[in-house]
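Let me begin by presenting the structure, written as structure tokens, before commenting on it.
The values are calculated or read from the model by the stated rules, or taken from the named source; none is laboratory data. Owing to the predicted nature of the structure, the values given are computational and were not obtained by experimental measurement. Backbone-built Cβ (ideal geometry, glycine too); neighbour counts: all protein chains shown.
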Amino acid sequence: MKKLIRPICTIAALCLSTSIMALSAGKLEVLSGINQPFHGKVTLYNVGFLDKDTIKVHLADQSQFDLLNTERKHLLTELKFNPVLNGEQSFIDIKGRQPVKESYIDFIIEIKWPQGHIIRPYTALLPIPETH
């Protein structure tokens, strides 16, 4: 009986810990500059066993922008959000097609998966690209 208790407790603890550790979105890394199409990455944590088909990422709807008193510019509607899942190296790759003329853009993303969702605002500060 004692031999069964330890494995059962271990399995129960693992199940409990994975359900407590929810997916979360980290910082934004900006990879583009002013007058370039936007490119950035948002780090994902606690991805667990989720896959690309179960995580959906998109620009939040107008009501979320209104709640946060943020303008939902047309440029933002062209952003593409691609989850790249690779264990602890997981991230959301964000790309735009049009050059960004401002020095910063504010946007809000929504991440959905079967066990929950996140709505997270970001401000991307765009550096002036180096010229050689």
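Which of the strands (runs of 3 or more DSSP E) found entirely inside segment 31-84 contain at least 1 residues meeting this: out of contact with any helix residue (DSSP H, G or I) (no Cβ under 7 Å at 6 or more places or on another chain), among the polar types (S, T, N, Q) and surrounded by 17 or more Cβ atoms within 10 Å (Cβ to Cβ)?
On the way: elements: 37-45, 56-59, 80-84.
Those strands (runs of 3 or more DSSP E) do not exist here; none qualify.
Scan segment 31-51 and report the pairs whose first residue is on the phi < 0 side of the Ramachandran plot and of a type in the set (F, W, Y) and whose second residue is part of a loop (DSSP other than H, G, I, E, B) and crowded, with 16+ Cβ neighbours inside 10 Å, with Cβ atoms within less than 8 Å and a gap of 6+ or a chain change.
Here the result reads F38/S32; F38/L79; F38/V100; F38/L126; Y45/L23; Y45/S90, each pair linking segment 31-51 to a residue that is part of a loop (DSSP other than H, G, I, E, B) and crowded, with 16+ Cβ neighbours inside 10 Å.
Just need a number here: residues in segment 80-89 that are in contact with a Lys or Arg (Cβ under 7 Å, 6 or more places away or on another chain) and either farther than 18 Å from D53 by Cα or at pLDDT 95 or above (or both).
Going through segment 80-89 one residue at a time, the tally reaches 2.
Which members of segment 39-72 meet the condition of being under 18 Å from R120 (Cα atoms) and in contact with a Ser or Thr (Cβ under 8 Å, 6 or more places away or on another chain)?
H39, G40, T43, L44, Y45, N46, V47, L59
How many residues, within segment 43-60, are modelled with pLDDT of 95 or more and over 16 Å from A22 (Cα atoms)?
Within segment 43-60, residues that are modelled with pLDDT of 95 or more and over 16 Å from A22 (Cα atoms) number 3.
Among the listed residues I119, I92, which satisfies the condition of being surrounded by 16 or more Cβ atoms within 10 Å (Cβ to Cβ), at pLDDT 95 or above and not in a helix (DSSP H, G or I)?
Checking each option against the conditions leaves just I92.
Sort out which residues of segment 95-116 are over 17 Å from F38 (Cβ atoms) and surrounded by fewer than 16 Cβ atoms within 10 Å (Cβ to Cβ), and write them in order of number.
Answer for segment 95-116, where residues must be over 17 Å from F38 (Cβ atoms) and surrounded by fewer than 16 Cβ atoms within 10 Å (Cβ to Cβ): K112, P114, Q115, G116.
Out of all the residues in segment 122-129, is one or more more than 14 Å from L28 (Cα to Cα) and either without any contact (Cβ under 8 Å) to a residue 24 or more places away in the chain or in contact with a strand residue (DSSP E or B) (Cβ under 6 Å, 6 or more places away or on another chain) (or both)?
No.
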